[in-house]
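Asks: I'd like to ask you about the structure that follows.
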Amino acid sequence: MSTDYVNYLLELLAPMGDVRAKRMFGGHGIFRSDLMFGLVADDTLYLKADDSNRDDFTTLELEPFVYLKKGKPFSLSYYQAPEDALEDSLLLCEWAEKSYAVAVQANANKRKRR
């Protein structure tokens, strides 16, 4: 896992404010206000998705994050960020803001269920 790549992503995401990375699961989680909205695995950025923004990813044929759990593929609600956004801070922040909104909503839903 390239720390340089994670630092590069944090630079691109700096206009969003307090965005930070935390090592986890052999990669990094990307957080804002203690909510994870992105993850980096194998030098690939994945952003959180739900019904509100999933079509943005699938329309571009971006891949979901998949890992092996007990030998079987398991996917999370994260999709690969578009390549052009990885070279454009404003564009990446637009994508990331939508994913952060998904994280905020998921957190609110979790609190309601408690």
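Asks: Looking at ALA41, is it open to solvent by less than 60 Å² (accessible area, probe 1.4 Å) and in contact with a Leu (Cβ under 9 Å, 6 or more places away or on another chain)?
Replies: The answer is no for ALA41.
Asks: So LEU76 ticks every box in (1) in a strand (DSSP E or B); (2) at pLDDT 95 or above but one. Which box is left unticked?
Replies: With (1) in a strand (DSSP E or B); (2) at pLDDT 95 or above applied to LEU76, the lone miss is (2).
Asks: Something else now. Just give me the residues in region 4-41 being over 22 Å from ASP88 (Cβ atoms) and not in a strand (DSSP E or B), in sequence order.
Replies: PHE25, GLY26, SER33, ASP34, listed by residue number.
Asks: Something else: Does LYS98 count as free of Cβ contacts under 8 Å to residues at least 24 places away in the same chain and not acidic (Asp, Glu)?
Replies: Here the answer is no, as LYS98 does not meet what is asked.
Asks: Still on this structure, please answer the following. Assess whether LEU92 counts as being at negative phi and either in a helix (DSSP H, G or I) or open to solvent by 90 Å² or more (accessible area, probe 1.4 Å) (or both).
Replies: It is true that LEU92 is at negative phi and either in a helix (DSSP H, G or I) or open to solvent by 90 Å² or more (accessible area, probe 1.4 Å) (or both).
Asks: So, one more: Return the residues of region 99-114 that are surrounded by fewer than 18 Cβ atoms within 10 Å (Cβ to Cβ) and closer than 15 Å to ARG54 by Cα; say none if nothing qualifies.
Replies: ALA101, GLN105, ALA106
Asks: With respect to ASP56, determine if the residue is more than 19 Å from LEU12 (Cα to Cα), open to solvent by less than 60 Å² (accessible area, probe 1.4 Å) and assigned to a loop (DSSP other than H, G, I, E, B).
Replies: The answer is no for ASP56.
Asks: Taking the residues in region 24-36 that are at pLDDT 95 or above and farther than 16 Å from LEU86 by Cβ as candidates, determine which candidate is least open to solvent (accessible area, probe 1.4 Å).
Replies: Selected residue: GLY29.
Asks: Please specify each residue of region 59-79 satisfying the condition of being more than 22 Å from ASP34 (Cβ to Cβ), open to solvent by 50 Å² or more (accessible area, probe 1.4 Å) and not small (Gly, Ala, Ser).
Replies: THR59, LEU60, GLU61, GLU63, VAL66, TYR67, LEU68, LYS69, LYS70, LYS72, PRO73, PHE74
Asks: Also, I was wondering about something else. Within the set of pairs 6+ apart or on separate chains, which have a first residue in region 1-28 that is closer than 22 Å to GLU97 by Cβ and of a type outside the set (A, V, I, L, M), a second that is in a loop (DSSP other than H, G, I, E, B) and open to solvent by less than 60 Å² (accessible area, probe 1.4 Å), and C-beta atoms under 9 Å apart?
Replies: Sorted first by the residue in region 1-28, then by its partner, the pairs are TYR8/SER2.
The values are calculated or read from the model by the stated rules, or taken from the named source; none is laboratory data. Nothing here was measured: the structure is a model prediction, and the numbers come from that model. Using ideal geometry, Cβ is built from the backbone for each residue, glycine included, and neighbour counts are taken over all protein chains shown. Protein only, heavy atoms only, side chains kept; ligands, DNA and RNA dropped before computing areas. Shrake-Rupley method; radii C 1.70, N 1.55, O 1.52, S 1.80 Å.
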